[in-house]
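Nothing in this text is a laboratory measurement; each read-out follows from the coordinates by a stated rule. Treat the numbers as computed from the prediction; the structure is a model and nothing was measured. Because the Cβ atoms are built from the backbone with ideal geometry, glycine has one as well, and the counts that use them run over all protein chains shown.
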Amino acid sequence: MNKTNKLLAGLAAAVALAAPAMAEKWDMPMAYAATNFHSEVGANFAQCVTDGTGGALEIVTHPSGSLYSGSEIKRAVQTGQANIGERLLSAHQNENPLYGVDSIPFLVSSFDEHEALWDIAGPAVQKVLADDNLHYLYSVPWPPQGVYFNKEVNSVADLKGLKFRSYSTSTARMAELTGMLPVQVEAAELSQALATGVAESFISSGATGYDRKVWEHLSHFYEVDAWLPRNAVFVNMDAWNGLDEATQVALTDCAAKAKAEGLARSKDYTAFTLNGLMEGGMMVQRAGGMLVDELKAIGEIMTSEWLENAGDEGRAIIEAFKNR
Ligand code: PCA
C-alpha cells in the first residue's frame with residue numbers, strides 16, 4: 001500500500017467507526033382503526049423496537065388500512081413490498097385451514113380457553129407462516145364474537161335473506177348455512193357498507209362495532225361468544241434473515257411485551273366497547289336459547305368441515321386442546 005492508499009484506508013476505517021450502522025425504516029401496515037387496541041399496541045411495539053435498537057431500526061405503523069388494505073397486507077409482506085405488517089389470520093383460512101384454527105365455532109368462548117388453544121396451535125400456524133415467507137412475531141386475540149342486526153332476532157329463521165358482512169371463509173360459510181347472503185368487507189369499509197345497504201348484519205366483536213360506530217345503522221348486538229380470532233404481526237422472512245442478531249433479539253423482546261399488553265388490552269376493551277354500543281343506543285344482550293342452539297348446530301357442521309380440510313394435523317391440535 002502506498003502512502004495515499006494507507007491514508008485513505010485509515011480514513012475509511014475511522015469513518016466506519018464513527019458512523020452508526022445505517023439506520024433502516026420499516027413501514028408497518030395495519031388494517032384497523034388507529035384508536036383500536038391492536039393499533040395502539042402495534043404503535044407501542046414499533047416505538048419499543050425503535051428505542052431498543054437505538055434508532056438503527058425505526059418502525060412506523062400505518063393503521064386503518066391506509067398503506068395497504070387488510071386484504072392486501074399479508075401478500076405485501078410476503079413479497080417484501082412491506083417488511084412488516086399485521087393481519088387477521090383467519091381471513092387467510094382459504095389458503096390453509098390452520099389459519100382458521102381460531103374460528104372453529106364454539107370451540108372456545110373465553111380468553112383463557114382461547115389462549116390455551118393458541119398455546120397448542122401457535123407453533124403449527126408459525127410453520128405455515130414460515131412456508132409463506134413470513135417470520136411470526138406476536139399475535140393478539142379480538143374479544144369474543146357476537147352478531148349484529150338492525151332488528152330483534154330470536155332464531156335462524158329470522159336471518160333468512162339478510163345481507164351479511166363476512167371477514168373470512170368461516171364467517172361467509174356461517175352466513176350460507178343460516179340462509180344469509182355473505183359479502184366480504186374489510187372493517188375499515190364497514191360503516192360505508194352499512195350506510196349504503198351493501199350489508200345489514202355481521203359477526204364481530206363489540207370492539208369493531210364500537211370502532212365503526214355501528215349504532216348509526218344497526219339496533220341489536222347479541223353476545224354468542226362464537227370464537228376469538230387473532231391478529232398476527234409478521235416480518236418478511238428475507239428481511240428478518242437480513243437483520244443482525246441484536247436487532248432480532250430487540251424485535252423478539254418487544255414482541256413478547258406486545259403479546260402480553262395486547263391480551264390485557266383486549267380483555268379491557270371487551271366491556272368498554274359493549275358499554276359504548278349501549279351508550280350509542282343499541283340493545284346489547286346475550287342471544288336467546290333458540291338462536292344459540294341453532295347456531296351451535298351450524299357450528300357443528302362447520303367444525304366437521306374444518307376437521308376434514310385440516311386433516312391429521314388439525315385433528316391432533318383439537319384433540320390436544322380437548323385433552324389438555
Ligand atoms: N374484528 C375484526 C375481526 C374480528 C373482530 O372482532 C373485523 O370485524 O374485521
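Key figures
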{"item": "Cα-centre dipole for segment 87-225 with unit charges at Cβ (Lys and Arg positive, Asp and Glu negative), debye to 20", "result": "420 debye"}
{"item": "Radius, Kirkwood style, for segment 38-176 when every pair of distinct Cα atoms is counted (Å)", "result": "17.2 Å"}
{"item": "DSSP bridge orientation in the chain - percent antiparallel, rounded to nearest 5", "result": "55 percent"}
{"item": "Across Lys259/Lys322; Lys127/Lys259; Lys160/Lys296, pairs whose alpha-carbon gap is larger than 22 Å", "result": "Lys259/Lys322"}
{"item": "Gyration tensor (Cα) of the chain, equivalent ellipsoid semi-axes in angstrom", "result": "42, 21, 16"}
{"item": "Simple label model, 7 Å out from Cα along Cβ direction - Met22 to Glu95, nm", "result": "2.8 nm"}
{"item": "Integer Hz, Karplus 6.51/-1.76/1.60 couplings in order for segment 163-168, x for Gly and Pro", "result": "7, 10, 6, 10, 10, 6"}
{"item": "Test item: Cα-centred dipole of segment 187-324, Lys/Arg +1 and Asp/Glu -1 on Cβ, debye", "result": "420 debye"}
{"item": "Global geometry of segment 157-228, whether rounded, prolate or oblate, following the gyration tensor of its Cα atoms and the 1.5 cut on a/c", "result": "rounded"}
{"item": "Charge dipole (segment 164-318, unit charges on Cβ, about Cα centre) - positive-most of Ala260, Val249, Met282", "result": "Met282"}
{"item": "Highest-MSF residue in the chain out of Pro144, Pro105, Pro123 [GNM, Cα springs under 10 Å]", "result": "Pro123"}
{"item": "HN-Hα J in Hz across segment 152-158 - Karplus 6.51, -1.76, 1.60, θ = phi - 60°, x for Gly and Pro", "result": "5, 10, 10, 8, 5, 4, 5"}
{"item": "Placed amide H near Glu24: partners under 5 Å, 5+ positions off or other chain", "result": "Leu57, Glu58"}
{"item": "Farthest positive-ward along the chain dipole, Cα basis, beta-carbon charges - from Leu134, Met174, Leu295", "result": "Leu134"}
